[in-house]
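Data block below; observations after.
The values are calculated or read from the model by the stated rules, or taken from the named source; none is laboratory data. Keep in mind the model is a prediction, meaning the values are calculated, not measured. Methodologically, a virtual Cβ is constructed for each residue, glycine included, from the backbone with ideal geometry; neighbour enumeration extends over all protein chains shown. Quick note on the areas: whole protein, heavy atoms, side chains included, nothing else; ligands and nucleic acids left out. Shrake-Rupley method; radii C 1.70, N 1.55, O 1.52, S 1.80 Å.
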Amino acid sequence: MARAAVPGRLSWRVGRLAEARQETPTARTLVLDVPGWPGHLPGQHVDVRLTAEDGYSAQRSYSLAAPAEGGRVELTVQSVPEGEVSAYLTGVYSTGDPVELRGPVGGWFVWRPAGTQPVLLVAGGSGIVPLMAMIRSRRAAGSRVPFRLIYSVRTPGDVYYADELRRRARDDAGLDVTFVYTRAVPEGWPHPPRRIGVTVVNTNGWPPALTPDCYVCGPTGFVETVADILVALGHDPRRVRTERFGPTGG
Amino acid sequence: MGIVTPGFRGRPRPSGPELPPGQYLTEDFPVLSAGPTPRVPMDRWEFVITTETSREHRWSWTDLMALPSDTPTVDIHCVTKWSKLGTTWQGVSLDTLMSDVDTAADYALVHSYGGYTTNLPLSDLLDGRAWVAYRFDGDDLHPEHGGPARLLVPHLYFWKSAKWVRGIQLRFDDEPGFWESAGYHDYGDPWREQRYQGD
Ligand SMILES: Cc1cc2nc3c(=O)[nH]c(=O)nc-3n(C[C@H](O)[C@H](O)[C@H](O)COP(=O)(O)OP(=O)(O)OC[C@H]3O[C@@H](n4cnc5c(N)ncnc54)[C@H](O)[C@@H]3O)c2cc1C
């Protein structure tokens, strides 16, 4: 059934893998060349569609990890056990291969570089991906809005973008980064492993009186916990934006 | 058919019930919400239908519980691609709630505790196709899934089944709700894959 293209219609485009980087043993960043990519805001995602020889296809959503550079977009995919799409994208998908994608999708979980409110980012596991896009866009736009990131991971080896985060925490003025380790901590870390809780959010976030914009992303249970904490601490629920990636995990 | 992705086979697919295009089956019950989960005290809970002439029809929690309920078993389809089959709910049919409501409106704008809204044609709420549901799978509906009560309109993508529902405003025009204003489809039929505006 043909349908006239209407303005703003999200059509499927073909992207090809230009480059890939291993972020952790189980997470891979994909740099895709997508001719005609219209650009996007940090926080938005794409739908990716894989099609098998027999015509079977599977779609999943992946956040855009960085500001677009022309027709180049970046995704970071965590391989989940028994994952139909993530196993393919992290294991099999090779340079030059095509995938279909459409987007950008989502107009709520976005940070606009013209924003003036302080920002609190809270990530659990792969939930860092859209928040990293915000951190990168802030720098690219020369924004001076103060950002705080609280990033919960299982172990030090599970940190995505580890070198870049270390460098940015040092060089990007007004960006603070706090790690929470839930299973194993680095040598000499002042706390044993712990889950994110009121204390961490209260100490490393912003006071509600500053009316920060809060972005929380990760597995559903993590997002529920953190969003509840923020509301309990007195943050306006309308300033707490959430993105829930999936049922389980760190 | 889309272009073939080299080396992608997908998981073995035992022949099963057909799913809407682009959907996959899950046994979990994932959550899609834009913000924190609102907690609504039962003694202050109410559900209000407001007509195009601003007439209000109100139900307290006790009123709602006193109405006859259905236990529909339905398939649900989320725009984030998961589908869940054969879910069983308990709730009050919109036909029951609308039985004394006098209206000529064509559209409904659904409001939730927490500020969420979603729009749909009024006719999609009628004829045994929509409920205000308060139990899922034999249990009270958990807050993260929309408890104490959510709208259930299973023939449309699940974002239309507004969680923490507090009321329905009947209108002559189709006013876009929360996700609809952010680029999602005004109608949202999963079988026609109406995910985004223009689909
Ligand atoms: C808006 C949005 C943005 C997203 N952005 C990203 C992103 O940037 N990076 C990323 O890696 N993922 C992201 N996801 C999750 C992604 O869409 C897939 O759900 C994920 O890759 C699993 O798909 P799969 O086909 O590999 O697993 P499936 O075959 O669908 O599931 C296999 C098993 O893994 C479980 N599972 C499914 N999803 C997850 C999960 N997220 N964590 C743990 N277990 C899971 C399932 O319950 C099932 O048991 C995003 C999801 C949404 C809704």
All positions within the stretch A:168-177 that are part of a strand (DSSP E or B) and open to solvent by less than 30 Å² (accessible area, probe 1.4 Å)
A:Leu175
A careful count of residues in the stretch B:9-23 that are aliphatic (A, V, I, L, M) and surrounded by fewer than 15 Cβ atoms within 10 Å (Cβ to Cβ) gives 0
Restrict the check to the stretch A:207-230 and report whether at least one residue is part of a loop (DSSP other than H, G, I, E, B), among the hydrophobic types (A, V, I, L, M, F, W, C) and assigned by TED's automatic domain parsing to the domain that holds A:Ser137.
no
Looking at the stretch A:223-250, which of its residues are open to solvent by 20 Å² or more (accessible area, probe 1.4 Å) and under 14 Å from the mean Cα position of the chain (by Cα)?
A:Arg241, A:Glu243, A:Arg244, A:Phe245
Answer yes if at least one residue in the stretch B:129-145 is within 18 Å of B:Trp191 (Cα to Cα) and crowded, with 19+ Cβ neighbours inside 10 Å, and no otherwise.
yes
When you look at B:Pro6, is it closer than 30 Å to A:Asp213 by Cα and open to solvent by less than 60 Å² (accessible area, probe 1.4 Å), yes or no?
no
Residue tally, condition among the hydroxyl-bearing types (Ser, Thr, Tyr) and assigned to a helix (DSSP H, G or I), over the stretch A:231-250
0
Which is within 16 Å of the ligand (Cβ to nearest atom), touching a residue at least 12 places away in the same chain (Cβ under 8 Å), outside the structural domain of A:Leu64 (by TED's automatic domain parsing) and among the basic types (Lys, Arg), of A:Arg136, A:Arg168?
A:Arg136
Check on A:Ala123, within 16 Å of the ligand (Cβ to nearest atom), hydrophobic (A, V, I, L, M, F, W, C) and without any contact (Cβ under 8 Å) to a residue 24 or more places away in the chain:
no
Which residue pairs have Cβ atoms under 6 Å apart, sit 6 or more places apart or on different chains, and have a first residue in the stretch B:144-158 that is within 15 Å of B:Asp75 (Cα to Cα) and a second that is surrounded by fewer than 24 Cβ atoms within 10 Å (Cβ to Cβ) and among the aromatic types (Phe, Trp, Tyr)?
B:Leu152/B:Trp89
Just to confirm my filter: which strands (runs of 3 or more DSSP E) fall fully inside the stretch B:12-114 and include at least 3 residues that are without any contact (Cβ under 8 Å) to a residue 40 or more places away in the chain and either more than 11 Å from chain A (Cβ to nearest Cβ) or touching a helix residue (DSSP H, G or I) at 6+ places or on another chain (Cβ under 6 Å) (or both)?
B:56-60
Considering only the stretch B:1-59, how many residues are within 16 Å of the ligand (Cβ to nearest atom) and of a type in the set (Lys, Arg)?
3
For the stretch A:200-207, state whether one or more residues are touching a Phe, Trp or Tyr at 6+ places or on another chain (Cβ under 8 Å) and either more than 10 Å from chain B (Cβ to nearest Cβ) or on the phi < 0 side of the Ramachandran plot (or both).
no
Given the structure, is A:Ser79 hydroxyl-bearing (Ser, Thr, Tyr) and within 25 Å of A:Thr242 (Cβ to Cβ)?
yes
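Let's see how each residue does on (1) out of contact with any Lys or Arg (no Cβ under 8 Å at 6 or more places or on another chain); (2) of a type in the set (Asp, Glu); (3) open to solvent by 50 Å² or more (accessible area, probe 1.4 Å):
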{"residue": "A:Phe109", "(1), (2), (3)": "no, no, no"}
{"residue": "A:Arg112", "(1), (2), (3)": "yes, no, yes"}
{"residue": "A:Gly124", "(1), (2), (3)": "yes, no, no"}
{"residue": "A:Gly142", "(1), (2), (3)": "yes, no, yes"}
{"residue": "A:Tyr161", "(1), (2), (3)": "yes, no, no"}
{"residue": "A:Arg166", "(1), (2), (3)": "yes, no, yes"}
{"residue": "A:Thr182", "(1), (2), (3)": "no, no, no"}
{"residue": "A:Asn202", "(1), (2), (3)": "yes, no, yes"}
{"residue": "A:Pro207", "(1), (2), (3)": "yes, no, yes"}
Condition met for B:Gln169 (part of a strand (DSSP E or B) and of a type in the set (S, T, N, Q)):
yes
Taking the stretch A:88-103 on its own, how many of its residues are touching a residue at least 40 places away in the same chain (Cβ under 8 Å), more than 8 Å from chain B (Cβ to nearest Cβ) and open to solvent by 30 Å² or more (accessible area, probe 1.4 Å)?
2
A:Leu175 fails exactly one of (1) under 30 Å from A:Gly83 (Cα atoms); (2) touching a residue at least 24 places away in the same chain (Cβ under 8 Å), namely (1)
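Conditions tested, residue by residue: (1) open to solvent by less than 20 Å² (accessible area, probe 1.4 Å); (2) farther than 21 Å from B:Asp137 by Cα.
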{"position": "B:Leu25", "(1), (2)": "no, no"}
{"position": "B:Ser33", "(1), (2)": "yes, no"}
{"position": "B:Asp43", "(1), (2)": "no, yes"}
{"position": "B:Met65", "(1), (2)": "no, no"}
{"position": "B:Lys84", "(1), (2)": "no, no"}
